Amino acid sequence: MSSGALYPFERNRYYPGKMLTSVDFQAEQNYYMNKQHFLNSLMYGAGVVCGMGVVSLDDLSILVESGVAFDGSGREIVVDSSVVRKLSAIEGFDSLTGNDAKLNVRFREQDVHSVYSVNHKGQGQEYEYNRVSEGYELFLTDPEEETSVYGFESEFLTRQTLFKSQNFVGEVVMPSTVSRGRTLRILLEVRKLTTADVSLNCRGILETPIFLTAEGEHSVEIGVEDVKLGQGESLSREYWVNVQDLEVEETDIILRSGSATAFEDEHAIGTASNFSIKVRVSGLSPVEIVGKEIGRINLEMRQVGMLQDSIALALIHMERTENAYIIDEVREPLSKKYIMAPSQTSMRYRYLEYYVKDVELEGREMGQSSGEMPVAGAVHGDMRNIATGTLEIPLGKNAREGDIRYSGEITHGLGKGNVYVDIGYDYVSDDPDVGANMKSTIYGNPDLFSRQNVRLVDAETAVKVLNEKGTFVVAAKLLKSVDYLVLTYRWVAIRFPAGEDVELTEDYYDKSISVDTPTVIMGTRETHFFGVRFNNMKSCSITYELTSTGSGEISSDGIYTAPSKEGVYEIRIYCTDMPVICAYAYAIVKKQMLPDKTIHVDKEESGDKK
């Protein structure tokens, strides 16, 4: 049992005339016990279900309250009534090496009820124990392994070292997958490695392309000041950001080059010069992301956690002499874990209501939505005059040249009025540039791309918009016979203001965007995030593009990667829905990285020179 080898399960097979021995009856018991222990470990893990509190009664004795716990193999440890023990009478006391001890409890079986054995075979074997009593055993160990217990290691969290020295280590910790349109916590964890009496000061700036702070910034300043910790102690600082609802599948969080500093007292220590954290962006809710991550843990990974055969109950500090001791303090260890039993759910929610106003805990625990149902195909955010989606036009068998087929009546979701609809043909082709199949959409005449040897359906299309109904219909005329059964198109609808609506359009005259650092000096193949500030306007979707070929690479979230060739390269940045609102940034790429990447221009000095 202690090894955790509860499966594969094997049970008795009964048949007429089968002779049953003690081995068969033992197999019968093991089957049901192992099944129960397997479910306990899988559903609840190791920890205390209820009770098991430890208090000091006097200078020599402790009281362990009644309670229930599960060990790593799923066995039930039941302390049926409170028990009082002298500390010196508990197993392991004589092996302690210091003034501190950790009190543990583990499962123990004991043979009881001696009876006469009819089939005894030798002298001294006349009696056998008739029952097995399931109980517990208390024991003491040195507390050097006093750490939080993790049953397995997953890839849910990603870590990057901000600084490390002989005395301290600091790491940036966050989920490797984030939920689009939700909030996210980024942690700075600082851990003390030695007993040296030194204080720590550290800081750094994280560039967050698709994450916004409460102030609407794309950067987060992290750090601690004048921190003193004991050996093994840790400190966490949390920073909350909002994940923008953008159609990107992954992004990077970049440590701004030269921003990281760390000092022990007045002495500088090593810091990370530059790093980036790759983060996946998902449309799933946080509950779904976490559920998926936990559900992917296989039995081999869980087996690691099942090896824990004891439960830590308390840490005990004593004042000891050569022949005596006095109990000074009893406290719970960090590794003491409480299991959330389903029977305690209603009580848990009732108590939590004292901490959170208008809490909807039960629905959120079960992953229920808030009741809002977005319109299919509509674009989220403030882009209420744009909608998109896909449509299919069935052709049937043996479609011939000249045949005309129609889609059904499609609702674009922008309401009645003047709406423009365009469609493009969706197809999948082999892209030699990336060495994989890529999905593309062609708007207009597909013959212009025939030089790429891409097989496209040769069809002429038209769109009829029913303004008074808020719908549209697509017609396709085949220019050659095809053996396809269906045509797939992507449609985009844009609503134009008309009549009184014209007065409601925004005046973009005084609105603009500006780049946080319009000019940077950087080394070849280095990365930099071009953050944007919005002037006299709300935040909106931003598009980044290079104005010339060979200028490097820039992602949809504004992370620029310099080319391997020196030069000055221009990046155009504009509002996706309002291209007239734009700004330009410049990257000066050199082989040798300069100490200061930002070019500062003093207006007064420049004016004096003139």
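The numbers here are math on the coordinates, done by the rules we state, and not lab data. Since the structure is predicted, the reported quantities are computational estimates derived from the model, not experimental observations. With ideal geometry, Cβ positions are generated from the backbone for all residues, glycine too; neighbour counts draw on all protein chains shown.
If you rank CYS582, CYS575 by fewest surrounding Cβ atoms within 10 Å, what's the result?
On the way: CYS582 15, CYS575 22.
With the sparsest Cβ surroundings first, the list reads CYS582, CYS575.
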Q: Please list, in chain and number order, the residues 5+ apart from GLY72 or on another chain whose amide H is under 5 Å from its amide H, with Hs placed from the backbone.
A: GLN308, ASP309, SER310
Q. Here are some pairs, LYS416/LYS464; LYS278/LYS591; LYS397/LYS477; LYS292/LYS336; which of them have Cα atoms lying more than 23 Å apart in this structure?
A. LYS278/LYS591; LYS292/LYS336
(Q) 5 Å is the cut-off here: which amide hydrogens, built 1.01 Å from N in the peptide plane, fall below it relative to ASP245, excluding neighbours closer than 5 in sequence? (A) GLY181
**Q.** Ranked list, fewest to most other Cβ atoms within 10 Å of each Cβ, for VAL580, VAL55
**A.** VAL580, VAL55
Q: Give me the percent of DSSP beta bridges within segment 157-296 that run antiparallel, rounded to the nearest 5.
A: 95 percent
Q | Positive-end residue of MET537, THR519, VAL568, charge dipole of segment 518-568 with Cβ unit charges | A | MET537
Q: Quick one: P(r) of segment 157-296 from all Cα-Cα pairs, 5 Å bins, percents rounded to integers, in order of increasing distance.
A: 2, 10, 19, 21, 17, 13, 10, 6, 2, 0
Q | Mean Cβ neighbour count within 10 Å, used as a protection proxy, ranking 185-195, 15-25, 79-89 highest first | A | 185-195, 79-89, 15-25
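So how do HIS267, HIS37, HIS317 line up by other beta-carbon neighbours within 10 Å, fewest first?
Details: HIS267 9, HIS37 22, HIS317 14.
Neighbour counts put them in this order, fewest first: HIS267, HIS317, HIS37.
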Q. Loop-only check: which GluC sites (Glu not before Pro) in segment 1-103 are DSSP coil with at most 11 other Cβ within 10 angstrom?
A. GLU10
